[in-house]
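Visitor: Attaching a single structure in structure tokens format; questions to follow.
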Amino acid sequence: MLPLKGERLCFAGRDYLCASAAASGYEGYMGPPGWQACVLTPVEWAFDAAEAHGSGDELRRLGATLDTSQLFDAELQGIPLEARRIQRNLSRTLWNGKLRSHARAAGGLAEGGAGFATTLLNEVQRTGGQLREVFEQAIAQLQNHALEAVFDAALFQARLAIDIMDRNLYERANDCRWWALDVRLQRALAAQGTVQAQAAAVEAQRVLQHINGLYTVYSLLLVFDPQGRVVAVSDPAQADHVGKQLDAGWVSAALALRDPERYVVSRHEPSPLYAAAEPTCIYATSLQHEGQVVGGIAIVFDGAPQFAAMLKDALPAAAGEAAAGLFVGRDGRVVASSDPRWPAGTAAPLPAASLATLAAGQSLRTELEVDGMVYAAGIAMSQGYREYRQGEPASSADVAAVLLLPLGPRLAAQDATVDTGFVPPPAQAAAAEMLDIAAFSVAGQWLGLPAAQLVEAVEQPRLTALPNAPRALVGMLQHEGRMLPVLDLNLALYNHAGDTPDGPIIICRNDSGQGLAVRVDELGPVFSIAAAQALPSPGMRARLVRGAESSSQRMLTLLPPEDLWAHIGVAPPGQAALAALPPP
């Protein structure tokens, strides 16, 4: 038994990825019992698709703007989450190490020892950055392959859909020509205008009804005389058409045919011969008896359910309800659709130029955004099959298959500038007074606190809720045997919840030994500057620190520690709490 899902298979001494599929059936026909289709792809080629198509940069650009989580199963979705967790833990460890290093230096540890510790931590941080880049590249490559697979599937299924349609309609062209050779129908039409006309019409109706009972892809079969008057129909329930004059263009075109191998087909348009005058195609040719045209035969294709069956068969089984298949005319009007958003006759969700220049048999893939969802679109133009429309010049009657497979919703527009975070400025040489700062980000802004008042950053702990507490006071946590209030700086400073509810928590301690925990979004550098480099801010108690030239965030706000305590109702103990910040 071949594996139905992709598995590794050794065949003739070579490793392949193998996938096979059993028949899903088409309108109830399951094919020969036990048959399966099997595809083998050499392992060394299996994942080179993005580069082979020269679309790696395009896929990376697209992937950066989409939420592609739905393309991955739970195990694969966990890879970037685990990578971020590892990186976050490493950053926290480094941050705490630098805090302790600065504390030892401030406490009188030999300068060389503190300097060595800082150098070692910086080297670990550099290695961590390299590790992060490896993770990001691996995740980006995984995403590229996933996107490439969806685009390939959309294009393949679009080609399959148009092939199914071409071969299906080829059979319709065959049917009308074949049935035109039925001598019973020929004699019935030749008898019109004679005393046997009524009996001949009944015989024609019996023949048509029998044929239509075997070929259910048609809603109606009919024969008409040389004046276009309906003589007989296959469905007694539609006998009201008998005797009526047909004036559509395909009628005169069919009556003009002399070659039994020729036929005509109507445009895909509404017809009174089809249910509720919905759009469909009608195939017709002439009926000849003893070398004379005695009328014509027309077969009304049951377009709505038949086109729906073709599209259903072309849609990937695992695509889900968000996928869509359409047959679209060269003019951009929908012929049939699996999605109720685009019923027959409406405009397809495609740029007008995408079909206008597509030659017969050509195909393309593109991205398409509809209602905030981005799709991989495969588009394939009909090329006919055998003598059915093959080799004909481009016309408005051409039809293309369009397959839409969802990639994910579009993310909010982001600044194209690469965020390097906050890069501290170089400390002024021989400064009389130095200031140690621990940086972090909240709501996209870089903030800092005097390192002397910080103990450590802790991994997200379990919080105990506080009833009736201010909104910014999100709970209590236990640290070194003491319960500390937890202040969410997103809520405290900007009055909105942050995007990282599992962000790091920093333990602060004031000069009175009181503890406070603050939740932030991201940890930043721990650095030293000259006290004079902390510039006063007009109208504010906070200070401003300019970043280095290489910093994408050019300014850091140095918060007064006592302002944090004020949020939980703790008054500063005299001026002692202000000692961490030098006067301007």
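Here, each number is a calculation from the coordinates, and none is a lab measurement. This is a predicted model, so every value here is computed, not measured. Reconstructed Cβ throughout: ideal geometry from the backbone, glycine too, with neighbour counts over all protein chains shown.
Visitor: Quote the charge dipole size of the chain about the Cα centre in Debye, to the nearest 20; the model charges only the Cβ of Lys and Arg (+1) and of Asp and Glu (-1).
Guide: So the dipole magnitude of the chain works out to roughly 580 debye.
Visitor: Taking R0 as 56 Å, what FRET efficiency do you get between THR500 and CYS38 from their Cβ-Cβ distance, rounded to the nearest 0.05?
Guide: Rounded to the nearest 0.05, the efficiency is 0.75.
Visitor: Please report the relative contact order for the chain, taking Cα pairs under 8 Å with a sequence separation of at least 6, and give it as a percent rounded to a whole number.
Guide: 12 percent
Visitor: Taking the dipole about the Cα centre of the chain, with the C-beta of Lys and Arg at +1 and of Asp and Glu at -1, give me whichever of VAL526, GLY325, GLY569 is farthest to the positive side.
Guide: GLY569
Visitor: Let me ask you something else. How far apart, in nm, are the 7 Å Cα→Cβ label points at ARG84 and ARG462?
Guide: If labels sit at ARG84 and ARG462, their model points lie 2.4 nm apart.
Visitor: For ALA319, which sequence-distant residues (separation of 5 or more, or a different chain) have an amide H within less than 5 Å of its own amide H, given hydrogens modelled in the peptide plane?
Guide: none
Visitor: Tell me, in nm to one decimal, what length is gained between MET373 and ALA46 on full extension, where the rule is 0.36 nm per residue of separation less the Cα-Cα distance?
Guide: Numbers: separation 327, 0.36 × 327 = 117.72 nm, distance 2.82 nm.
Full extension from MET373 to ALA46 adds 114.9 nm.
Visitor: Per DSSP helix of 4 or more residues, -39500 (n - 2.57); summed, then divided by the residues of the chain. What does that give at 222 nm, rounded to the nearest 500?
Guide: Calculated at 222 nm, the ellipticity per residue is -10000 deg cm²/dmol.
Visitor: Also, quick follow-up: Roughly how many nanometres apart are two label points built 7 Å out from the Cα toward the Cβ at ARG410 and THR346?
Guide: Going from the ARG410 label point to the THR346 one covers 2.0 nm.
Visitor: When ranked by the protection proxy of mean other Cβ atoms within 10 Å per residue, highest first, what sequence do the peptides 83-92, 321-330 form?
Guide: 321-330, 83-92
Visitor: Here's another thing I want to ask about it. Based on the Cβ-Cβ distance of ALA353 and ALA317, what FRET efficiency does E = 1/(1 + (r/R0)^6) give at R0 = 30 Å, to the nearest 0.05? Present the calculation step by step, with values, prior to reporting the outcome.
Guide: Working: r = 32 Å, r/R0 = 1.08.
Once the sixth-power term is evaluated, E becomes 0.40.
Visitor: Starting at the first residue of the stretch 89-99, write each ³J(HN,Hα) from the Karplus equation 6.51 cos²θ - 1.76 cosθ + 1.60 with θ = phi - 60°, in whole Hz, x for Gly and Pro.
Guide: With coefficients 6.51, -1.76 and 1.60, one gets 5, 5, 4, 5, 4, 5, 4, 5, x, 5, 4 Hz.
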